[in-house]
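Okay, so here's the structure we're looking at.
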Amino acid sequence: MTNEVMDKEVSFEVNGESVRLTPNMIQQFLTSGNGNITPQETMMFLNLCKYQHLNPFLKEAYIIKFGDSPAQIITSKEAFMKRAESSPNYDGVSAGCIVLRNNEIVYTKGAFTLPTDDLVGAWADVKRKDRSEPHHVEIGLKEFSKGQSTWKAMPATMIRKTAIVNALREAFPESLGAMYTEDDKSPNETATKVVQGQPAPSKTQNKLADIIGSGNDATNDVRESETESEPEIIEPTKQDDPKEIEGAVEQSELL
């Protein structure tokens, strides 16, 4: 991009507030990770924020880039809730877990489960004032859990939130249909695309996903291609130092 394009300002409104972005601001202040985002990725992120009315300074959307791997464009679950609640037809959401208790399927409320329960999934109902029946969604834990530390530590909380997002998207396809979170996207898709000749995501990159999942409930909007087999995981290199990555996340949270 030329300097003129990099400094060109784009303005849009989010919840009545004016947001101003430039490609240079995105590359300098809104990108986490150790890679440099491409002009295409920069414009994709800018247009996502503009047309979906997301404020990246409030962490409603942000972008992560490692080396030459494709950038991950992240959308928070809070953005889903704000979008749904702004609709005059929104009439509330209820959600809980699905557990196997004494050889019976039980639907709990919230993220509460008994120590003896076998957590198998979650459910969510989203009500609209203009429809007689709520949009009901049920999802399985095995289908969505990524085995990261956040999912291991809080499986009930994570699977419940994922069910809520899926139900919200189904209830409001006109405003949420094109938005996907990292937690609720297809389990057949990898967190980052593995390009032939390029290294697979390192354990440190997976660690960043854990940090983001626990702190921001963040999500990937880029629908990447599927891989037929599980990519080989390489050990962290100097470039992927955990302290450096955690520092990048902490710095981004200050914006």
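General observations
- Enumeration of residues in the stretch 153-203 that are touching a helix residue (DSSP H, G or I) at 6+ places or on another chain (Cβ under 9 Å), charged (D, E, K, R), assigned to a helix (DSSP H, G or I) and at pLDDT 55 or above: Lys161, Arg169, Glu170
- Output for the stretch 88-117, where each listed residue is within 30 Å of Ser175 (Cβ to Cβ) and touching a Lys or Arg at 6+ places or on another chain (Cβ under 8 Å): Pro88, Asn89, Tyr90, Asp91, Gly92, Val93, Ser94, Ala95, Gly96, Cys97, Gly110, Ala111
- Total residues in the stretch 36-54, condition free of Cβ contacts under 8 Å to residues at least 40 places away in the same chain and open to solvent by 10 Å² or more (accessible area, probe 1.4 Å): 9
- Test set (1) over 19 Å from the mean Cα position of the chain (by Cα); (2) under 23 Å from Arg83 (Cβ atoms) - Gln40 fails condition number: (2)
- Taking the stretch 55-74 as the range and being buried (at least 21 other Cβ atoms within 10 Å of the Cβ) and either acidic (Asp, Glu) or closer than 30 Å to Ser132 by Cα (or both) as the test, only Glu60 passes.
- Matching option when the condition is in contact with a Phe, Trp or Tyr (Cβ under 7 Å, 6 or more places away or on another chain) and either surrounded by 22 or more Cβ atoms within 10 Å (Cβ to Cβ) or aromatic (Phe, Trp, Tyr) (or both), among Ile164, Ile159: Ile159
- Being surrounded by 17 or more Cβ atoms within 10 Å (Cβ to Cβ) and of a type in the set (Gly, Ala, Ser) holds for only one residue in Ser149, Ser86, Ser94, Ser145, and it is Ser145.
The values are calculated or read from the model by the stated rules, or taken from the named source; none is laboratory data. These figures come from a predicted structure and were not determined experimentally. When we count neighbours, we look across all protein chains shown, and the Cβ atoms used for this are built from the backbone with ideal geometry, even at glycine. The area values use the complete protein model at the heavy-atom level, side chains included, leaving out ligands, DNA and RNA. Shrake-Rupley method; radii C 1.70, N 1.55, O 1.52, S 1.80 Å.
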